[in-house]
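Quick notes on the structure that follows.
Every number here is computed from the coordinates shown, using simple stated rules; none is lab data. All values reported here derive from a predicted model rather than from experimental measurement. Note: ideal-geometry Cβ built from the backbone for every residue, glycine included; neighbour counts use all protein chains shown.
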Amino acid sequence: MMRLCGTILIVTFLSIKRSTQVNVTHYFEFDVQLHGDRASEGQGRVMIYREKNWQRICNYGWDINDAKVVCRQLGYDPDGTETQLYKSNRKKDRKNSIDKWGYVPTRRYGVHSVMCNGNESFIEQCKMTWQETQKCKEQQDAIAICKKYESDDGIRRTNDG
């Protein structure tokens, strides 16, 4: 299976008649991204692109192995990954702090019960339940805390050469 390395493909079209530039962003099925105030630092609520929409991932059953796969897919070091820990899987114990993780505009939870072993390259290789869920209410998003590689010089390396 061939997959582009980045999660976002920017295509630029140049109109000859008007000399205007238009940027088109194309997302691929199962792309992931982080949302919230710390997303640019590699920390945040996990969103997945499916059926032409960004969907929230419910934190029901979410663990470190799931977060490792998300961080790896985004180009971070999976060995340095952390996630939000919860007292239990009960709804009242899985609420995330808006102060710490920021607010996500209202979007439906489209995924829950993600089950990765931690070695997958992409989240699409993990088992998960695809459906709107009542297992999560507001502020119960899956969290990934990613770490840059030690020798991160801004160049993303792949095994392709």
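Some notes on this structure:
- The peptide list 120-126, 29-35, put in order of mean Cβ contacts within 10 Å with the highest first, becomes 29-35, 120-126.
- The phi torsions of the stretch 71-84, fed into the Karplus equation with coefficients 6.51, -1.76 and 1.60 and a -60° offset, translate into couplings of 4, 4, 4, 7, x, 9, 6, x, 5, x, 6, 9, 8, 5 Hz, rounded to whole numbers, with Gly and Pro shown as x.
- Taking Cβ atoms as reference points and 9 Å as the exclusive limit, the residues near residue 114 contribute a net charge of -1, counting Lys and Arg as +1 and Asp and Glu as -1.
- Sum of side-chain charges, residue 81 neighbourhood, beta-carbon under 11 Å (Lys, Arg +1; Asp, Glu -1): -2
- With θ taken as phi - 60° and the Karplus curve 6.51 cos²θ - 1.76 cosθ + 1.60 applied, the whole-hertz 3J(HN,Hα) list for the stretch 42-58 is x, 10, x, 6, 8, 10, 10, 8, 8, 6, 6, 9, 7, 10, 7, 9, 5 Hz, x standing for glycine and proline.
- A simple rule links phi to the HN-Hα coupling: the Karplus curve 6.51 cos²θ - 1.76 cosθ + 1.60 with θ = phi - 60°, which for the stretch 121-129 gives 7, 9, 5, 5, 7, 8, 7, 6, 9 Hz, with x for Gly and Pro.
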